[in-house]
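Colleague: One structure, pasted below without further comment.
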Amino acid sequence: MEIASKYDPHAVEDRWYAYWLEKKLFHSEPDTREPYTIVIPPPNVTGVLHMGHMLNNTIQDVLVRRARMLGKNACWVPGTDHASIATEAKVVNMLKERGIDKRSLSRDEFMKYAWEWKEEHGGIILKQLRKLGASCDWDRTSFTMDDIRYESVIRVFCDLYNKGLIYRGVRMVNWDPQALTAVSDEEVIYKESHGKLYYLRYMIEGEPGKYAIVATTRPETIMGDTAMCVNPTDEKNVHLHGKKVVVPLVGRVIPVIEDEYVDVEFGTGCLKVTPAHDINDYNLGMKHHLDSIDIFNDNGTLNDNGGKYAGMDRFACRKQIVKDLEEAGLLEKVEDYTNNVGYSERTNVVIEPKLSAQWFVKMTDIAAKALEVVEDNTIQFHPEKFKNTYRHWLENIKDWCISRQLWWGQRIPAYYLPNKEVVVAPTREEAYKIACEKFPGVVASADQLVQDEDVLDTWFSSWLWPISLFDGIRNPDNEEIRYYYPTNDLVTAPDIIFFWVARMIMAGEEYRHEVPFKHVYFTGIVRDKLGRKMSKSLGNSPDPIMLIEKYGADGVRMGMLLTAPAGNDLPFDESICEQGRNFANKIWNALRLVKGWEPSTDLKQSAENSLAVQWMEQRMAQVLEEIERDFDNYRLSEALMASYKLVWDDFCSWYLEMVKPAYGQPLDAETLAATLTIFEKLMCILHPFMPFVTEEIWHTLRPCCREDQSIMVEPMPRSVDYDHQFMADFATAQELITNVRGLRNSKGLSPKEALELHIKGGHPAQFDGLVMKMANLSCIATISDKLDGALSFMVGTTECFVPMSQNINKDEEIKKLQEELTYTEGFLASVMKKLGNEKFVNGAPEKVVAIERKKQADAEQKIAALKAQIDALK
RNA sequence: GGGAGUAUAGCUCAGCUGGUUCAGAGCACCUGCCUUACAAGCAGGGGGUCACAAGUUCGAACCUUGUUACUCCCACCA
C-alpha cells in the first residue's frame, strides 16, 4: 500500500469523528466502572467558537480521553447557556431589522421569535467543537432553558424563597440603560476614563452673594440633589453648619448635613448628595432620612423631575447643563479629571446606579460553606493561587441580585395579589392555593394573580449545571446523579471564578451537601503575540476553524497545549500550530518507515535489535512515570512535551534508527512485531492530545485486527519498573555516538566514511554493536594506553580516540584540549575550596560531601589525561 | 486605595524539600547535509550577572528584607 509522504489531516479527521459517533464511543451510561465526569462550561448559545473555547475544550478533551483509556466510565456533558442579556439583545436586533419593535410584541410573541432564533442560529458552537475532536456525549446535550433545567431553576427559586434565602427589596442596583435591566455587581466593569470635574456654586440661603462650592463629575444630577454634606471636623466649612443652600438652576433649597464620610481633602470638602443616583449618596440618604428624587427614565434620559431637560439623554443633558450653569454664573471652574466609571459587561454602556425593586439571594451563610470546602482542599484549584482570589471575594460577598428586566430567561415564579402581597410557587395553580391559604378571600381565581415580569439572572441557571444536567434537582435520588456526581474536573477561565465556580460550589453544598467537582483547572487567557486580549474589535483573533483547516485539529490542539500551563496566559501565535502539524507529519513518516519493512521469519533477532527493543520499552516506562506525575499535578503541557520527546527523539531518532535494516533488507519478525507494539503504545500515550492522527496510525499499523475497534478505548500504557543501570549504560553509549558524530561534523568528514573508535580502559560493551551502527564505526577497540595521531574526546573520565587517516591539525587540537583543561582546573579549584572549608565538611550531609570528593577525583583524573594528551601532541 | 502573582536563553516556559538532572527544555537562530520514512527532515553547534540590592548560610535561581518593572483581582473620593 502506498502511503502519502505528507500527512493530510483533512482526509482523516472527519472520517474518524463520524466513526466514533457511529460506534457511540462518546456515550456513557452508569455502570460498575468508576465514573469520570466533566460538565462543559456552557458557552453562550449565540456564541461562535473562539480561541478561548479552543484551549478550554482541548484541555477537557485531553482529560476525558485519558480517563476513558484508564478504564473509567468517562462522561463529558455538553450544552449551551441561554445568556439572557446577550441573546435578548440579538433577538431584539433581528426584530428591528425586520421592522418589528420589541415593545409592540406581547411577551409570548417575543418568546416565540426568540425560540425560533435559538433553534436556527443557536448552538453553532457545539457543531464547531466536533471539528476540534471533542469527545462529548452529544446524546446528553442540554440547554440551560430546556424543560428539565427550567423546572430545576424554578424549584430552586421557590425552595430558597421558602427557606428565607431569597427576598425582594428596593435597593440601589447597577442599571444598564441600554439593555433596560439591572445587572449584578460582577457584571459591571470599571474602566478609567478621562472626564471633567465641575465646580458648582450653591448659594447660601439667607446670605445673599455668598455661596459654597461643590465639585462633581456629574452636574446633570443636581436635579436630584436633596442635601449638601460636609465633614463635621472640617474647619473651613464650619460656617455652613446648620445652613441651607440653593441648588443651582433648580432653585430647590436643601439642608447642609454633616457626616464623617466626606473627604475633607477632596475638592472643597462639600459634597452634593443625590440619593437616587449614587450608591454612597444613597447610604447617606438612608442615614440622614433624606428624600430621594429619581431624575432618570430607564433608558437613561431625564424624566419629568429633570424640568426643562426632561427627555434629554443623560450625556447630552450634562453638556447643556454645564452651558446653562456657565451662563448663569454658577460654574466656578472646570478641571480635567480621571476617574473610574462602571460599564455594563454586556452592552458596554455606562452603568447608572438606580433604585429599584429587585430579587436577591442572601449570601452570607451559603458563602461560608463554599469557602470552607476550598480552604480545606476538598476542592483543589490549579493553580492554587486562585484560592486567594476566591477567599477574598467570599469574605466580602454582598447579596446577589438575581432579577433581570428581560423576557428571555426563567420567569420569576412570584405572584402578586391585589393587596400587594406576594406568593411564590412553581406554578400559578400552586400559587393560587397558597394565596387562598395565606390570604383567604383576597383572590377569587388563579387568573387574578399577577406574575412578576422579571426573569432570573442566567447564572442562576448555570450555578445548578453540574446537578441539573443529571436531573438532580427534580429527582435528587436518581441513578444518574448518584453515579456521576460529584464531577471530577472543571476546566474554566479564571474570569468566571465568581460568576460561576463559586456559585456552583454554593449550589452543590445547598442541594447535594457535597462539592460539585474535585478539581478546578483554570486556563489562562488567550492573547495575541503582542499580549493583547483577543477581541472582535481588534480583529486579532484567528478563526479557529480556519486554523484547523490549515494545520489540522491535532496540530492546533498540540500547539495550544504546548504553550499553556495552567493559569498562565497564552500568547498565541499561529506559528505554534506549525509545531503540532510538523509533529503529526513526523509520526506519519515513522509509520511509512515501519510499514515499509518486510518481516522475515528466517531471520533470528540480533543481539543489537533485542537490546534496542529492551531499551525502548524501558525508556517508555521511564517517561510514563514522568507523564503520570504531570497528569497528577495537572501539568498538561509538560505531559505533552514529555510525550513529544519520547516519540520524536527516543523512538524516531534513536530506536527506529537502531533497528532499521539496510535498504531493501527484511527485518526479523520478532523485532518488527515488538516495534509495532511499541508504536501502538506510543499512539495510546499521545491519543488524548492528538486523537485523529493516532487513531489513523493505530489502525494502519495492524489493519488486520483493528476492524470495528478504536484506540479511544485501548488501555493507557502504565509505567513499570525498569533497570536503572541498563538505562545509564545506554546513556553512556549515546554519548559515545554523539561525540563521534560531533567529531565528524567539526572535521567535515562524510557520515559515509567509517571510523575506528579506541577506548582506553574498560567500558560497558554490551551496546558496542549499536554504537558501531549509529556512529558508523568499523570497530571499537579497547586499548590500555593513549593513542597517538588521533582525535580524542572524553566521556566522563573515559578517554576515547578516533584515529585519522589525514593529518590532524595539532595546534587546533592543543587549543581545544587546553580550553577544556583550563575549565576543568577552575572547576577543581571550586571543589577544593568547598572541601577545604571545615564548616562544609563538618556541616554538610555525608552524601553531599561524598559527591564533592567524587567530583574532585574525577576532575583530577581528567586533568591528568588532558595534560598527557597535550604533551603527546607537542 | 487594598490584595495577589510574575520577573531564568531571542520567544514560551521547567527548575519539587537550598547541595551533580543547577543553570535546563521546546521553538527560533547558526553550520553542514536533498544520507531512499520525513527539508513539515537529519547531524552538530552557539546563546543566560537566574530583574536589581542587601542579608541569612559552609553553600542561594531557590530562604528573608528592600527596590524596580509588568500582570491580574478587589474597592469606587463625589
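Since every read-out is calculated from the coordinates, none of them should be taken as a lab result. Source: prediction; values computed, not measured. Neighbour counts are summed over all protein chains in view; Cβ atoms, including those assigned to glycine, are modelled from backbone coordinates with ideal geometry.
Colleague: What number in nm² do you get for chain A if you take the convex hull of its Cα atoms and divide its surface by four?
Modeller: 52.9 nm²
Colleague: Still on this model: For region A:55-199, what does the relative contact order come out to in percent, with C-alpha contacts under 8 Å and a separation of six or more?
Modeller: 28 percent.
Colleague: Could you give the spread of the C-alpha atoms of region A:103-262 along their three principal axes, from largest to smallest, in whole angstroms?
Modeller: Computed over region A:103-262, the largest-to-smallest principal extents equal 78, 41, 37 Å.
Colleague: What are the ³J(HN,Hα) couplings of region A:367-373, residue after residue, when phi is run through the Karplus curve with 6.51, -1.76, 1.60 and θ = phi - 60°? Round to Hz, x for glycine and proline.
Modeller: Once θ is set to phi - 60°, the couplings for region A:367-373 become 5, 4, 5, 5, 6, 4, 5 Hz.
Colleague: Related question: Among A:LEU464, A:GLY539, A:PRO516, whose Cα sits farthest toward the positive end of the charge dipole of region A:422-564 (+1 at Cβ of Lys/Arg, -1 at Cβ of Asp/Glu, about the Cα centre)?
Modeller: It is A:GLY539, whose Cα lies furthest towards the positive end.
Colleague: Tell me whether region A:713-767 comes out rounded, prolate or oblate; compute the Cα gyration tensor, take square roots of the eigenvalues as a ≥ b ≥ c, and use a/c under 1.5 as the rounded threshold.
Modeller: oblate
Colleague: If I fit a long axis through the Cα atoms of helix A:51-69 and take the longest principal axis of the Cα atoms of chain A, what angle between them do I get, 0 to 90°, rounded to 10?
Modeller: Orientation of helix A:51-69: about 60 degrees from the principal axis.
Colleague: To continue, here is another question. So which of A:LYS604/A:LYS660; A:LYS586/A:LYS773; A:LYS6/A:LYS595; A:LYS23/A:LYS72; A:LYS24/A:LYS131; A:LYS24/A:LYS550 end up more than 20 Å apart, counting from Cα to Cα?
Modeller: A:LYS586/A:LYS773; A:LYS24/A:LYS550
Colleague: Right, something else. Tilt of helix A:386-395 relative to the longest C-alpha principal axis of chain A, in degrees (0 to 90, nearest 10)?
Modeller: That helix lies at roughly 20 degrees to the long axis.
Colleague: Please work out the FRET efficiency for the pair A:HIS392 and A:ARG629, using the Cβ-Cβ distance as r and a Förster radius of 30 Å; give the result to the nearest 0.05.
Modeller: Result of the calculation: an efficiency of 0.45.
Colleague: How far, in nm, would the chain grow between A:ASP147 and A:GLN766 when pulled straight, counting 0.36 nm per residue and subtracting the alpha carbon separation?
Modeller: Net length gain for the segment: 215.8 nm.
Colleague: Give me the percent of Cα-Cα pairs in region A:770-874 that sit more than 22 Å apart, rounded to a whole number. Mind showing how you got there, number by number?
Modeller: Details: 2490 of 5460 pairs.
Tail fraction, whole percent: 46.
Colleague: Once amide H atoms are placed 1.01 Å from N in the peptide plane, what residues at a sequence separation of 5 or more from A:ALA425, or on another chain, have their amide H within under 5 Å of its amide H?
Modeller: For A:ALA425, whose amide H was placed from the backbone, the distant partners under 5 Å are A:TYR415.
Colleague: What is the mean projected area of the alpha carbon convex hull for region A:554-699, to one decimal in square nanometres?
Modeller: Directional mean of the projected Cα hull area for region A:554-699 stands at 8.8 nm².
Colleague: In region A:488-521, which residues have a backbone nitrogen under 17 Å from the label point lying 7 Å from A:GLU384's Cα in the Cα-to-Cβ direction?
Modeller: Under 17 Å, as judged by backbone N against the label point of A:GLU384, lie A:519-521 of region A:488-521.
Colleague: What ranking do A:100-108, A:736-744 get when scored by the average of other Cβ atoms within 10 Å per residue, highest first?
Modeller: Ranking, from highest mean packing down: A:736-744, A:100-108.
Colleague: Going 7 Å from the Cα of A:ASP602 along its beta-carbon direction, which residues of region A:645-683 have the amide nitrogen within less than 17 Å of the resulting point?
Modeller: Backbone N within reach: A:662, A:664-670.
Colleague: Only Lys, Arg, Asp and Glu count, each charged at its Cβ (+1, +1, -1, -1), so figure out the dipole size of chain A about its Cα centre, rounded to 20 debye.
Modeller: Charge dipole of chain A: 1060 debye, to the nearest 20.
Colleague: In 10 Å bins starting at zero, report the fraction of Cα pairs in region A:647-792 per bin as a rounded %.
Modeller: 9, 30, 29, 20, 9, 3, 0
Colleague: Please work out how much length the chain gains when fully extended from A:ASP336 to A:LYS839, using 0.36 nm per residue of separation minus the C-alpha to C-alpha distance, in nm with one decimal.
Modeller: Length gained, A:ASP336 through A:LYS839: 174.6 nm.
Colleague: Can you tell me the length gained on complete extension of the stretch A:SER746 to A:ALA868, counting 0.36 nm per residue apart and subtracting the Cα distance?
Modeller: Taking 0.36 nm per residue and subtracting the Cα distance, the gain is 41.6 nm.
Colleague: For A:LYS118, go through the lysines and keep the ones whose alpha-carbon is under 20 Å away, minus same-chain ones fewer than eight residues off.
Modeller: A:LYS90, A:LYS96, A:LYS102, A:LYS127
Colleague: How large is Rg/Rh for region A:121-192, to two decimals, with Cα atoms and a Kirkwood Rh? Don't skip to the answer; put the middle values down first.
Modeller: On the way: Rg = 18.3 Å, Rh = 16.4 Å.
Rg/Rh: 1.11.
Colleague: Okay, moving on. Report the chymotrypsin sites (Phe, Trp or Tyr not before Pro) located in region A:634-678 that are in a DSSP loop and have at most 16 other Cβ atoms inside 10 Å of their Cβ, or state none.
Modeller: Sparse-neighbourhood loop chymotrypsin sites (Phe, Trp or Tyr not before Pro): A:TYR663.
Colleague: Sort A:THR458, A:THR32, A:THR492 so that the residue with the fewest other Cβ atoms within 10 Å of its own Cβ comes first and the one with the most comes last.
Modeller: Working: A:THR458 26, A:THR32 5, A:THR492 20.
With the fewest neighbours first, A:THR458, A:THR32, A:THR492 line up as A:THR32, A:THR492, A:THR458.
Colleague: While we're on this one: For a test of the definition: using alpha carbon positions, the gyration tensor, and the 1.5 limit on a/c, classify region A:438-543 as rounded, prolate or oblate. Spell out each step's value before the answer.
Modeller: Numbers: a/c = 3.44, a/b = 1.56, b/c = 2.20.
Note, shape of region A:438-543 comes out oblate.
Colleague: If I take every Cα pair under 8 Å that is 6 or more residues apart in region A:288-336, average their sequence separation and divide by the length, what percent do I get for the relative contact order?
Modeller: 19 percent
Colleague: If the cut-off is 13 Å between C-alpha atoms, which aspartates and glutamates fall inside it for A:LYS867, apart from same-chain ones fewer than 8 positions away?
Modeller: Partners within reach: A:GLU799, A:GLU813, A:GLU819, A:GLU820, A:GLU825.
Colleague: Continuing with the same structure: Can you run phi through the Karplus equation (6.51, -1.76, 1.60; θ = phi - 60°) for region A:92-98 and list ³J(HN,Hα) in whole Hz, with x for Gly and Pro?
Modeller: With the stated coefficients, region A:92-98 comes to 4, 4, 4, 5, 4, 4, 8 Hz.
Colleague: Kindly rank A:472-480, A:174-182 from highest to lowest mean number of other beta carbons found within 10 Å of each residue. Each step should come with its number before you reach the end.
Modeller: Working: A:472-480: 14.8, A:174-182: 22.2.
In decreasing order of mean packing, A:472-480, A:174-182 become A:174-182, A:472-480.
Colleague: With angles folded into 0 to 90 degrees, how steeply does helix A:724-747 sit against the dominant principal axis of chain A? Use alpha carbons for both and round to 10.
Modeller: 80 degrees
Colleague: Of A:LYS786/A:LYS833; A:LYS362/A:LYS533; A:LYS196/A:LYS323; A:LYS243/A:LYS308; A:LYS810/A:LYS854; A:LYS236/A:LYS308, which sit over 25 Å apart, Cα to Cα?
Modeller: A:LYS786/A:LYS833; A:LYS362/A:LYS533; A:LYS243/A:LYS308; A:LYS810/A:LYS854; A:LYS236/A:LYS308
Colleague: If I take every Cα pair under 8 Å that is 6 or more residues apart in chain A, average their sequence separation and divide by the length, what percent do I get for the relative contact order?
Modeller: 12 percent
Colleague: If amide hydrogens are placed 1.01 Å from N in the peptide plane, which non-local residues have theirs closer than 5 Å to the one on A:ASP569?
Modeller: Correct list: A:ILE525.
Colleague: Using packing as a proxy for protection, rank A:550-557, A:55-62, A:129-136, A:184-191 so that the peptide with the highest average count of other Cβ atoms within 10 Å comes first.
Modeller: A:550-557, A:55-62, A:129-136, A:184-191
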